[in-house]
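Contents: one structure, followed by commentary.
The values are calculated or read from the model by the stated rules, or taken from the named source; none is laboratory data. If you're wondering where the values come from, they're calculated on a predicted model, not measured in any experiment. Cβ atoms come from the backbone with ideal geometry, glycine included; neighbour counts cover every protein chain shown. For accessibility, only protein heavy atoms count, side chains too; no ligands or nucleic acids. Shrake-Rupley method; radii C 1.70, N 1.55, O 1.52, S 1.80 Å.
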Amino acid sequence: MASRCWRWWGWSAWPRTRPPPAGSTPSFRHHLSTQEKTPQICVVGSGPAGFYTAQHLLKQHPQAHVDIYEKQPVPFGLVRFGVAPDHPEVKNVINTFTQTAHSGRCAFWGNVEVGRDVTVPELREAYHAVVLSYGAEDHRALEIPGEELPGVCSARAFVGWYNGLPENRELEPDLSCDTAVILGQGNVALDVARILLTPPEHLEALLLCQRTDITKAALGVLRQSRVKTVWLVGRRGPLQVAFTIKELREMIQLPGARPILDPADFLGLQDKIKEVPRPRKRLTELLLRTATEKPGPEEAARWASASRAWGLRFFRSPQQVLPSPDGRRAAGVRLAVTRLEGVGEATRAVPTGDMEDLPCGLVLSSVGYKSRPVDPSVPFDSKLGVIPNVEGRVMDVPGLYCSGWVKRGPTGVIATTMTDSFLTGQMLLQDLKAGLLPSGPRPGYAAIQALLSSRGVRPVSFSDWEKLDAEEVARGQGTGKPREKLVDPQEMLRLLGH
């Protein structure tokens, strides 16, 4: 993946003892003007950006009421649908979000798609302020010939498939081939490679200790997988990979799999890494050792007996997905060999003129996520894939804000999103204090509820979600899993009597 993917290692909750951000002084809390006393605010999107924004607003303003709108019937965004199913500890942040949702001044309304069921102007009319935190729910296209062939899909869709994202539940990836190619070298790419290469018995072990919520359908397909080799292809070199050291260690230690790294890709790297930041240096040193040093006896024995393999192909840029002889599906990827020009952040890959073909039966594109425009009334930079903003204030639209990936692009870890969302919340509160938001009462959800009812939309409340949550947990108990995710929105609504 070109940008850093959505991973949250070392996350910790906002410390209770941490001082409030600048601007949230006692005078702010206790000397509220008439228009500030009961601000009605809505947040669009219930992933980390949405919940952290809501959390900050509720904590820093003693009367604020926050409604969170979500197009899925269920909350939590990429925490539920983007985290690898063998990394359950990352989902502990859901506990913090649940505490926020239980606040008497917060409400969750799922099954409401902003831009379709209700417009942003309608939200702005009903609330003192609107915050767009709906993330990056699309993938960047490769824009190369053959991309539309069967056997090619986005890594985002593949992750959504094994994580139970409703729109990807019918993906049905064909894993009957020997070799898969992942275009991208970020954490999502490594997640997908690890899931593809994890031995079925290891997945079964995770089930036995209730450490995975991978969907039943995905587990059945992965059990039958014939994929033995996964190549992760990147345009640039080892110094530019976008994955983290924790992800790399997991791949190196993956049971039943061995790494394939070309020592020639690492020539001269020892000198180059002396000046790079410490996290990048440690990551590159691990790559270097894996590629060039003789493994220890235990590791050597494990790799010698491995039936599966994964490799990093550097300095390669995809030019075309090659069709099978009958033209009916993907059979390989044509790659342009590249070299690097420039230094530091300006380093870019340029083609050398050489080409090579890499045979495979499955191609997964992991070159980045991107946001979509949500409503014609909202400015949107289609090139950068973000809403133009200054510190979260949407440009030229007073009272409209944004946080998370739709604000800054699909980069960073959970701590980045937390800090970013708190900053947006603080900007909103500063504008409220300065009298820059609409004065007088606003109806909030009461007005939106009437609109949704007239349009036949049945919102899902947080208590409704907790009923679905209990159903998932009950279904999981029968198979030894922490939960069996519901993947059909219509079934969810039926269970709720909607």
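Miscellaneous remarks
- Count of region 287-308 residues which are assigned to a helix (DSSP H, G or I), within 18 Å of THR229 (Cβ to Cβ) and charged (D, E, K, R): 1
- Scanning region 452-479 for residues that are assigned to a helix (DSSP H, G or I) and crowded, with 17+ Cβ neighbours inside 10 Å turns up LEU452, PHE462, ASP464, TRP465, LEU468, ASP469, GLU471, GLU472, GLY476.
- Residue among PRO279, PRO255 that alone is at pLDDT below 95 and touching a His at 6+ places or on another chain (Cβ under 6 Å): PRO255
- Subset of region 432-451 that is within 30 Å of the chain's Cα centre (by Cα) and not β-branched (Val, Ile, Thr) - its residue that is surrounded by the fewest Cβ atoms within 10 Å (Cβ to Cβ): GLN449
- Extreme residue, nearest to the chain's Cα centre (by Cα), among residues of region 453-473 that are of a type in the set (Ser, Thr, Tyr) and farther than 16 Å from PHE76 by Cβ: SER453
- Residue within region 188-197 that is closer than 18 Å to SER324 by Cα and surrounded by fewer than 21 Cβ atoms within 10 Å (Cβ to Cβ) present: no
- The residue list ARG80, ARG124 contains one member that is closer than 30 Å to VAL363 by Cα, in contact (Cβ under 8 Å) with a residue 40 or more places away in the chain, among the charged types (D, E, K, R) and crowded, with 18+ Cβ neighbours inside 10 Å, which is ARG80.
- Some residue of region 135-145 being at pLDDT below 95, under 19 Å from ASP213 (Cα atoms), of a type outside the set (Asp, Glu) and open to solvent by less than 40 Å² (accessible area, probe 1.4 Å): no
- Every test in (1) without any contact (Cβ under 8 Å) to a residue 24 or more places away in the chain; (2) among the hydroxyl-bearing types (Ser, Thr, Tyr); (3) open to solvent by 30 Å² or more (accessible area, probe 1.4 Å) is passed by SER307 save one, and that test is (1).
- Test for LEU493: is it open to solvent by less than 20 Å² (accessible area, probe 1.4 Å) and under 28 Å from VAL120 (Cα atoms): no
- Pick from region 192-235, criterion modelled with pLDDT of 95 or more and of a type in the set (Lys, Arg), ranking: farthest from GLU341 (Cα to Cα): ARG226
- Just one of the listed residues (ARG169, ARG156) is touching a helix residue (DSSP H, G or I) at 6+ places or on another chain (Cβ under 9 Å), open to solvent by 10 Å² or more (accessible area, probe 1.4 Å) and within 27 Å of ALA336 (Cβ to Cβ), and it is ARG156.
- Test: GLY385 is touching a Cys at 6+ places or on another chain (Cβ under 8 Å) and open to solvent by less than 50 Å² (accessible area, probe 1.4 Å): no
- Considering residues of region 200-252 that are touching a Ser or Thr at 6+ places or on another chain (Cβ under 8 Å) and of a type in the set (Lys, Arg) only, the residue surrounded by the fewest Cβ atoms within 10 Å (Cβ to Cβ): ARG226
- Listing of strands (runs of 3 or more DSSP E) fully contained in region 309-425 that carry 3 or more residues being under 30 Å from GLU89 (Cβ atoms): 362-365
- Filter result (open to solvent by less than 70 Å² (accessible area, probe 1.4 Å) and either closer than 12 Å to VAL221 by Cα or free of Cβ contacts under 8 Å to residues at least 12 places away in the same chain (or both)) within region 172-183: PRO173, ASP174, LEU175, SER176
- Output for region 61-90, where each listed residue is in a helix (DSSP H, G or I) and either acidic (Asp, Glu) or touching a Phe, Trp or Tyr at 6+ places or on another chain (Cβ under 8 Å) (or both): LEU78, VAL79, GLU89, VAL90
- Residue that is over 23 Å from the mean Cα position of the chain (by Cα), of a type in the set (Ser, Thr, Tyr) and under 30 Å from PRO200 (Cα atoms), where the choices are THR290, THR352: THR290
- The single residue among GLY135, GLY110 that is within 15 Å of the chain's Cα centre (by Cα) and not aromatic (Phe, Trp, Tyr) turns out to be GLY135.
- If you check VAL159, VAL130, VAL152 for being touching a Cys at 6+ places or on another chain (Cβ under 9 Å) and either modelled with pLDDT under 95 or among the hydrophobic types (A, V, I, L, M, F, W, C) (or both), only one passes: VAL130.
- Unmet requirement for VAL114, which otherwise passes all of (1) touching a strand residue (DSSP E or B) at 6+ places or on another chain (Cβ under 8 Å); (2) open to solvent by less than 10 Å² (accessible area, probe 1.4 Å); (3) under 24 Å from GLN490 (Cα atoms): (2)
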